[in-house]
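Here the structure comes first, spelled out in structure tokens, and everything after it is commentary.
Quick note: the coordinates plus some simple rules give every number you see, no bench work behind them. Source: prediction; values computed, not measured. All Cβ positions, glycine included, derive from the backbone under ideal geometry; neighbour counts span all protein chains shown.
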Amino acid sequence: MCGIFAIWSKKINVAEATYFGLFSLQHRGQESAGISVTNGQEIHTVKELGLVSQVFTKESLLNLNGFAAVGHTRYSTTGSVTIHNAQPFIANFHGDPISIAHNGNLINTETLRAQCQEKGYIFKGTSDTEVIAALLEQSSNHNLEEAILEMMGVIKGAYSLVIMGLNKIIALRDPLGIRPLVIGTIADGYVIASEDCALSVVAAKRQRDVLPGELFVIDENGTHTRMSLQGNLGRSGFCSFEYIYFARPDSVFNGKSLYSIRVKMGRNLFREHPVEADAVISVPDSGTPAAIGFSKESGIEFAEGLIKNRYIGRTFIQPDQLLRDVGVKLKLNPIIDALKGKKIVIVDDSIVRGTTSKKIVKLLRESGAKEVHFRVSAPMVMNPCFYGIDTASKNELIAANKSLSEIQDELNVDSIGYLSMEGLLNAIHLPKDSMCLACFNGEYPIEVSNSLKKSKYLFDNNC
């Protein structure tokens, strides 16, 4: 996932604006956070492991002075959780510093990494973002835009990037536009963000999406755009899971409200899998809009059956066995009066491994629920993702290894129903070939090698 925020302004405190922008994108990554600021002469960076509120202090922000900034909050897919993999990543481009923030995942990282090492690059971390930095550092082209276009010709996979030089910000997306990146305007400048929910916090107005394959450039002369040679593929591949789960419900993608889409998913879910019950509850917060839609379509009352503890976050302290046994109760607490003696429909956005879902059902039954009917506002997750989502390997995906009746037994529910592909597409109301649906149907818009499938995601030979 990862969250990216960048700003160009000579009137606004760009470090402070980026700090608040990253707060709005904290849901996209909780492992590390960082901000780089340029004053035209130098780029200063503060980054560390932890949440945005843990990484930055008032004093550290005061030391970040300039007219442009880029920030990042990280969720790791390629590379371990170490400070060397925290972003923005600082590189040297022909004697000048550049700062790189990346959301996505490259699928030819190992090949490119080996090529860069053969040319003498010494890697400090393990992330694919450092491979991007290495390619730019080793480019023979002294023009940053040209070097980036050259780089886009060799990297494969999903990438939304913001690359900041001393006097320039360049935002770009991969040719399929798998990960989001939006452009906003403020009084004297521009804002780039992974989601438009981060624009309003700095009073920026949404302008448009960065197009697939586009370079959107901000500098002293204003803005201009360039298209990569890889940008005319005849289709796009925006991640369908952004609509289902990742992005905040108050965000808008491709002109469509995510909240409205998720409510429609819930409506379609009831039409496909009706049930008689006393109450509809959600797995908060991601399942709530779909649960509301299910309630509206069915006429079954929506109730708060589970309360989410919003103050847990990441502590970086390994829990002892007692806390492991407590499990889901650390994050979710049941409201007994809403559950006891009642037939309950619980709605969640997806089921991946099934371990958390099983614990939630156990919690509902222990709280006195008479019946538990599980409804999922997405199709079955049958395949892992290679484009920036750290899903389980195929042999860990419950839907890839068990039948519907076996899943029902595994979760100990009275019934279970998943939204169909048709119901999902109807809710999003976009053509099938404008999205990546590979986690559901196995049709990867960017070809993934069998060696990568087997070595990294433990596929069997029949996948």
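Using θ = phi - 60° and the Karplus curve 6.51 cos²θ - 1.76 cosθ + 1.60, what whole-Hz ³J(HN,Hα) does each residue of region 375-391 get, with Gly and Pro shown as x?
10, 10, 8, 8, x, 5, 7, 9, 9, x, 9, 10, 10, x, 10, 8, 6
Would you work out if region 4-132 is rounded, prolate or oblate? Take a ≥ b ≥ c from the square roots of the eigenvalues of the alpha-carbon gyration tensor; rounded if a/c is under 1.5, else prolate when a/b is larger than b/c, oblate otherwise.
oblate
Suppose a student asked you for the relative contact order of the chain, using Cα pairs under 8 Å spaced at least 6 residues apart; what percent would you report?
12
Hey, for a label at L452 modelled as a point 7 Å past Cα toward Cβ, could you say which residues of region 383-417 have their backbone N under 12 Å away?
From region 383-417, the list is 385-389.
What is the extension gain from K256 to D96, computed as 0.36 nm multiplied by their sequence separation minus the C-alpha to C-alpha distance, in nm to one decimal?
Result for the pair: 53.6 nm of gain on full extension.
Which length gain, in nm to one decimal place, applies between I83 and K10 when the Cα-Cα distance is subtracted from 0.36 nm times their residue separation?
Once the chain is fully extended between I83 and K10, it gains 23.2 nm.
Can you give the calculated 222 nm mean residue ellipticity of the chain, where each DSSP H run of n ≥ 4 adds -39,500 (n - 2.57) and the sum is split over every residue, rounded to the nearest 500 deg cm²/dmol?
It lands at -7500 deg cm²/dmol.
Mind listing the phi-derived Karplus ³J(HN,Hα) values for region 164-174, rounded to whole Hz, using 6.51, -1.76 and 1.60 with θ = phi - 60°, and x for any glycine or proline?
With coefficients 6.51, -1.76 and 1.60, one gets 10, x, 4, 9, 7, 10, 10, 10, 8, 10, 5 Hz.
Full-extension gain between K432 and E276, please, as 0.36 nm times their residue separation minus the C-alpha to C-alpha distance.
Length gained between K432 and E276: 52.9 nm.
Given a Förster radius of 22 Å and the C-beta distance between S140 and D219 as r, what FRET efficiency does 1/(1 + (r/R0)^6) yield to the nearest 0.05?
0.45
Answer with one residue from I100, S434, S139: the one whose Cα lies farthest towards the positive end of the charge dipole of the chain, charges on Cβ with Lys, Arg +1 and Asp, Glu -1.
S434
List the GluC sites (Glu not before Pro) within region 171-247 that fall in a DSSP loop (any state other than H, G, I, E or B) and whose Cβ has at most 16 other Cβ atoms within 10 Å.
E220
Counting Lys and Arg as +1 and Asp and Glu as -1, each charge on the Cβ, what is the dipole of region 1-101 about the Cα centre in debye, to the nearest 20?
Once rounded to the nearest 20, the dipole reads 220 debye.
Using only Cα atoms, locate the centre of region 4-40 and the centre of region 323-392, then give the distance between them in Å, rounded to an integer.
When both Cα centres are located, 34 Å separates them.
Give or take rounding to whole Å, what are the principal axis extents of the alpha carbon atoms in region 3-234, in descending order?
43, 36, 33
Of G354, L306, L211, which is farthest along the charge dipole of the chain in the positive direction, counting Lys and Arg as +1 and Asp and Glu as -1 at C-beta?
Sorting the options by dipole projection puts first L306.
Using modelled backbone amide H atoms (1.01 Å from N, in-plane), which distant-in-sequence or interchain residues come within less than 5 Å of Q207's amide H?
Excluding prolines and chain starts, which carry no amide H, the hits are I183, G184, T185.
What's the local net charge at V70, with K and R +1, D and E -1, over the other residues with C-beta under 12 Å away?
It works out to a net charge of +2.
For region 83-90, in order, what is each residue's ³J(HN,Hα) by Karplus, 6.51 cos²θ - 1.76 cosθ + 1.60 with θ = phi - 60°, in whole Hz (x at glycine and Pro)?
Those phi angles translate into 5, 5, 9, 5, 10, x, 8, 9 Hz.
Counting other Cβ atoms within 10 Å of each Cβ, which trypsin sites (Lys or Arg not before Pro) in region 1-80 have at most 12 and sit in a DSSP loop?
K10, K11
Return the long-range amide H neighbours of G50 (sequence gap of 5 or more, or a different chain), with a cut-off of under 5 Å between placed amide H atoms.
Close amide H contacts, sequence-distant or interchain: S32, A33.
In debye to the nearest 20, how big a dipole does the chain give about its Cα centre with +1 on each Lys and Arg Cβ and -1 on each Asp and Glu Cβ?
700
I'd like the FRET efficiency for D188 and E150, computed as 1/(1 + (r/R0)^6) with the beta carbon distance as r and R0 of 30 Å, rounded to 0.05.
Efficiency, from the Cβ-Cβ distance: 0.40.
Amide H to amide H under 5 Å from F302: which residues, 5+ apart in sequence or cross-chain, H placed 1.01 Å off N in plane?
Amide H neighbours of F302: V280.
Based on the mean of other beta carbon atoms within 10 Å per residue, what is the order of 257-264, 377-384, most packed first?
Going from most to least packed, we get 377-384, 257-264.
Two decimals, Cα atoms only, Kirkwood Rh: what is Rg/Rh over the chain?
Ratio of gyration radius to Kirkwood radius for the chain: 0.98.
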